[in-house]
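One structure is given below, encoded as structure tokens.
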Amino acid sequence: MNYIEKTPLEKWIGNKIGRNALDLSRESLEAYQLEAFQRTLDYAKNNSAFYRSLLHDIDPKDCRTLESISKLPFINASDIRNHGNRMICVKQGDIQRIVTLDTSGTTGAPKRIFYTRADQELTIDFFHHGMATFTEPGDKVLVLLPGKTPGSIGDLLQIGLARMGVEAIVYGIVDDREAVIDIICNKQINGIVGIPQQIFALAGSDRSETVKLAKSLKFVLLSTDYVSPAISQTIHESWGCEVYEHYGMTEMGLGGGVFCKALKGYHLREADLFFEIIDPETGRPVPDGEFGEVVFSTLTRTGMPLIRYRTGDISRFLTSPCSCGTLLKTMDCVRHRLTACVTLESGLILTMPMLEDLVFSVEDILDFDAELTSAEDGLLTLEPKEKECLIISINTKDALKNSIAKIQLKIAASFLKSLVISDKLKIIIKQQGYKEPDIKAIRKRNLLDSRNRTGDRKE
Ligand SMILES: [Zn+2]
């Protein structure tokens with residue numbers, strides 16, 4: 001068996017909690033987490049009106065085990081929308097950055113996350129040590145994420161990389177593919193960090209071979225969206241480099257976990273975050289190995305601590321030890337979100353990642369949207385046996401070279417091979433025509449359920 005380098009996160013976490021390599025163990029890490037969790041409860045109750053009322057009958061000292069945390073209430077996105085200001089634990093003047101999250105498709109107040117300077121430092125420190133998994137001093141990394149604003153993800157990443165002697169070129173969201181390919185080749189870029197969909201489009205471009213021939217690229221790190229295996233595979237094959245994934249969200253302080261060289265799942269930022277996997281129906285924790293909703297609590301944040309925040313992401317803790325030999329937990333790739341799945345009449349569950357795998361396996365598709373409608377809508381002529389219709393609107397890069405009919409056939413063939421299709425589901429492929437990827441491309445593709453026009457647009 002090949003030797004796989006241990007994730008640098010383990011040593012970093014050990015140092016953070018005052019343990020050296022010899023006395024860091026799962027037990028000592030969990031003892032630290034329990035203590036930090038109790039401290040956070042205490043701090044949040046004493047400093048925020050929201051937590052004072054939510055946790056009024058909870059005594060932090062009664063949380064004697066990590067298991068007992070499962071008795072505490074959850075918070076969710078609508079709590080942040082409606083009571084975010086009341087979750088803040090510091091004076092307004094101590095807030096260094098406020099991130100307002102996209103609210104499209106939702107009603108009500110926007111979701112705002114508040115960070116102090118110390119909170120931002122935690123993120124920079126995580127980026128510094130997490131990136132050490134695949135970069136080394138002297139490397140040049142191209143950051144294809146927003147980075148103009150101080151405190152933005154690209155800005156914090158640049159600071160973190162500079163601490164390890166790595167130069168980061170922050171380009172921002174890809175708006176000109178030719179220009180980005182030129183930078184990769186002319187500046188001998190060693191690594192790229194960006195949004196899966198955008199890097200996929202770069203790797204699929206006509207000049208992809210130029211990047212491979214330039215031979216400088218060692219890794220790609222995909223971040224901020226769900227990554228379908230088809231996307232990862234295409235990038236790996238086109239550019240011949242390793243493809244890593246990062247899991248994080250603004251609420252987590254941008255970073256949550258990152259692949260090690262074994263490429264099997266995310267090792268988690270366990271000194272700063274406590275993760276749980278729960279049954280989304282009952283709210284009870286599920287055994288390791290079983291899928292459920294990802295819930296996290298911040299252990300070190302001061303501006304706006306989040307306690308048992310329900311992410312809506314579906315994943316599981318992997319039970320077999322990672323081949324890198326770390327004692328850190330490994331979370332499986334997040335391929336599925338609660339709000340991006342529908343149950344078909346046949347009982348089959350259709351998820352956006354399933355569709356992504358099927359649709360993106362057809363070359364030249366840059367992006368797509370999907371909508372499920374019902375035959376009763378009367379808008380579509382369906383065979384009587386087909387009660388539901390899935391409309392996939394595709395964005396292709398070259399409508400002339402790849403006729404819509406050809407793409408339709410390819411997608412249909414891809415669906416036929418999978419379990420998703422049943423004779424009750426009709427599939428219609430529409431062409432959106434070519435669009436440059438959305439400038440705000442940190443979007444999560446939604447599966448719009450408009451069956452029976454109930455008006456319930458899923459978030
Ligand atoms: Zn590992």
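The values are calculated or read from the model by the stated rules, or taken from the named source; none is laboratory data. Note that the structure is a prediction, hence the values are computed from the model and not measured. Please note: Cβ atoms are built from the backbone with ideal geometry, for glycine as well, and neighbour counts cover all protein chains shown.
Numbers below:
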quantity	calculated
Some residue of region 264-273 being away from the ligand (no atom under 16 Å from the Cβ), assigned to a strand (DSSP E or B) and either farther than 25 Å from Leu202 by Cα or over 16 Å from the mean Cα position of the chain (by Cα) (or both)	yes
Residue within region 174-187 that is in contact with a Cys (Cβ under 9 Å, 6 or more places away or on another chain) and either within 30 Å of Gly303 (Cβ to Cβ) or not aromatic (Phe, Trp, Tyr) (or both) present	no
Members of region 7-23 found to be within 16 Å of the ligand (Cβ to nearest atom) and modelled with pLDDT of 95 or more, listed by number	Thr7, Pro8, Leu9, Glu10, Lys11, Trp12, Ile13, Gly14
Glu371 being crowded, with 22+ Cβ neighbours inside 10 Å, in contact (Cβ under 8 Å) with a residue 60 or more places away in the chain and in the same structural domain as Gln408 (by TED's automatic domain parsing)	no
Any chance Asp102 is more than 16 Å from the ligand (Cβ to nearest atom), more than 19 Å from Ser297 (Cβ to Cβ) and at pLDDT 95 or above	no
Given (1) closer than 18 Å to Pro146 by Cα; (2) modelled with pLDDT of 95 or more, number of the condition Lys91 does not satisfy	(1)
Which listed residue, of Ile231, Ile307, Ile314, is crowded, with 23+ Cβ neighbours inside 10 Å and within 21 Å of Pro196 (Cβ to Cβ)	Ile231
Hits in region 238-263 (condition: among the charged types (D, E, K, R) and over 15 Å from the mean Cα position of the chain (by Cα))	Glu242, Lys261
Filter pass, Ile235 being closer than 14 Å to Phe360 by Cβ and under 15 Å from the mean Cα position of the chain (by Cα)	no
Of all residues in region 3-14 being assigned to a helix (DSSP H, G or I) and of a type outside the set (Gly, Ala, Ser), the one that is nearest to the chain's Cα centre (by Cα)	Leu9
The lone exception for Val295 - which of (1) touching a His at 6+ places or on another chain (Cβ under 6 Å); (2) farther than 17 Å from Phe259 by Cα; (3) of a type outside the set (D, E, K, R) it fails	(1)
